[in-house]
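Written below as structure tokens is the structure these notes are about.
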Amino acid sequence: MVKPLTAEEWRNLWIQGLWDGLAEFLGVTRREAIEEVKKRRGISLNEVKIVELYRSIYNPEEMILVSKFGVPDEIRRQLEGHDITVIDNVGFNINALNEVAHRIMKYARPPDECIFRIKDRGIALLIHKIIELIESGKISLDDLKSLLKPYLSM
């Protein structure tokens, strides 16, 4: 079983991904991108700049920054100036994420597949065989529904 990432591990992986994205965008290796940024003394990639860089490279339709603590007004204005929504003072209050959940739901779509767990191996094998028959075209889903209709109230 894989252990969950800590916030610091997730942040480090995220920043590595940003460097990889920047390098790909520039057509260089990550090391070359880092060296190029270091050469330019005028560039300081603080966390706000990293978020803005992410926005400019990946150009998401909507971007939300969620902060456990309050975000200073100057930083909020800077982020919002780059069309990044700031939701702060979330703490550990799950209700504070309602707005984020509603925004994410706008982009949600049903999954392409359904995964479920069945304890009875025989039933699981039977369902697997039925799926194979449908996918191979040996039986249609409508035909299967017709066969099962007397036994199910759908």
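Note down the net charge around Ala124, summing +1 for each Lys or Arg and -1 for each Asp or Glu among other residues with Cβ under 15 Å from its Cβ. Numbers along the way, then the final one.
Details: positive: Arg117, Lys119, Arg121, Lys129; negative: Asp120, Glu132.
Here the charged neighbours net out to +2.
Across 5 Å bins from the origin, how do the percents of Cα pairs in the chain run, short distances first?
2, 6, 10, 12, 14, 11, 8, 7, 8, 8, 7, 4, 2, 1, 0, 0
Around Met63, which amide H atoms from residues at least 5 apart in sequence, or from another chain, sit under 5 Å from its own amide H, with H modelled in the peptide plane?
Thr85
For an R0 of 30 angstrom, estimate the FRET efficiency from the Cβ-Cβ distance between Leu148 and Asp112 and round to the nearest 0.05.
Values: r = 23 Å, r/R0 = 0.77.
Efficiency, rounded to the nearest 0.05: 0.80.
Mind putting a number on the dipole of the chain about its Cα centre? Charges go on the C-beta only, +1 for Lys and Arg and -1 for Asp and Glu, and I need it in Debye to the nearest 20. Don't skip to the answer; put the middle values down first.
Working: 23 positive and 24 negative charges, 80 e Å.
My answer is approximately 380 debye.
In the chain, which helices (entire DSSP H runs) extend 30 Å or more along their own long axis, judged by Cα positions, while averaging at least 0.0 on the Kyte-Doolittle scale? Intermediate values should be presented prior to the final figure.
Details: long enough: none.
Span-like helices, by this rule, are absent here.
Read-outs throughout are calculated quantities, based only on the coordinates presented, and are distinct from any laboratory measurement. None of the values given here were measured: they were computed from a predicted structure. As a convention, Cβ positions derive from the backbone with ideal geometry for all residues, glycine included, and neighbour counts pool all protein chains shown.
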